[in-house]
Amino acid sequence: MTIAIKDENFSGSIIHEINLDFQQENVTVRDIITQRVIQEVENYNQKLPAYFNGLVEPSDAEKTINGFKLTTRKMIDAEKQVYVALDAFTKNGYFLLIDTIQSESLEQEVFLKRTTSISFIKLTPLVGG
């Protein structure tokens, strides 16, 4: 099942969007965050473009209007990025809204439907590896 994941600002404007494929309908918030970060890193690592667009800012990167620009194009470590993203969620670094309801914990179970809406609202920059 493919679900659109959106980054939004507080006014509800969409900043970034990525489609994720899930093999199961029952997942946890941890699964959603992990799948998102891994997909973003894999997309970047396959092409090594000038900019990285993702939930977690890689270390040695600067935020620009087009995304995060790494000082040198290099592979990003997905495991480090996942750790930073999960840790930031537990410390309220961003909100995760599933069908407009705020997720409370990483272990919260979610039943995905084709109409499921998932939005990330960042509160602070997340810097990873």
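The values are calculated or read from the model by the stated rules, or taken from the named source; none is laboratory data. As the structure is a prediction and not an experimental result, all values here were calculated from the model. For neighbour counting, all protein chains shown are included, and Cβ atoms are generated from backbone atoms with ideal geometry for every residue, glycine included.
Structure notes:
- Test: ASN92 is at negative phi and surrounded by fewer than 11 Cβ atoms within 10 Å (Cβ to Cβ): no
- Within the range 91-116, the set of residues being of a type in the set (Ser, Thr, Tyr) and modelled with pLDDT of 95 or more comprises SER103, SER105, THR116.
- Residue within the range 41-58 that is part of a helix (DSSP H, G or I), under 11 Å from the mean Cα position of the chain (by Cα) and over 13 Å from LYS122 (Cα atoms) present: yes
- Checking the stated criteria, GLU62 turns out to be modelled with pLDDT under 90 and part of a strand (DSSP E or B).
- Residue satisfying all of: in the range 15-27; more than 20 Å from VAL41 (Cα to Cα) and in a strand (DSSP E or B); farthest from the chain's Cα centre (by Cα) among these: ASN26
- Top-ranked residue of the range 36-69 - restricted to ones that are crowded, with 19+ Cβ neighbours inside 10 Å and of a type in the set (Phe, Trp, Tyr), ranked as farthest from LEU96 (Cα to Cα): TYR44
- Extreme residue, surrounded by the most Cβ atoms within 10 Å (Cβ to Cβ), among residues of the range 6-30 that are free of Cβ contacts under 8 Å to residues at least 40 places away in the same chain and of a type in the set (D, E, K, R): GLU17
- Sole exception among (1) within 15 Å of the chain's Cα centre (by Cα); (2) surrounded by 12 or more Cβ atoms within 10 Å (Cβ to Cβ); (3) at pLDDT 90 or above; (4) closer than 22 Å to VAL84 by Cα for ILE3, by number: (4)
For every residue, the table says whether it meets (1) over 16 Å from ASP31 (Cβ atoms); (2) surrounded by 18 or more Cβ atoms within 10 Å (Cβ to Cβ); (3) in contact with a Cys (Cβ under 7 Å, 6 or more places away or on another chain).
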position: TYR83; (1), (2), (3): no, no, no
position: ALA88; (1), (2), (3): yes, yes, no
position: ARG114; (1), (2), (3): yes, no, no
position: PHE120; (1), (2), (3): no, yes, no
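- The residues of the range 87-110 that are within 19 Å of LYS6 (Cβ to Cβ) and either part of a strand (DSSP E or B) or in contact with a Lys or Arg (Cβ under 8 Å, 6 or more places away or on another chain) (or both), listed by number, are GLY93, TYR94, PHE95, LEU96, LEU97, ILE98, ILE101, GLN102, VAL110.
- Cβ separations smaller than 6 Å between residues 6+ apart or across chains give the following pairs from the range 87-100 residues that are touching a residue at least 60 places away in the same chain (Cβ under 8 Å) to residues that are in a loop (DSSP other than H, G, I, E, B): LEU96/SER103.
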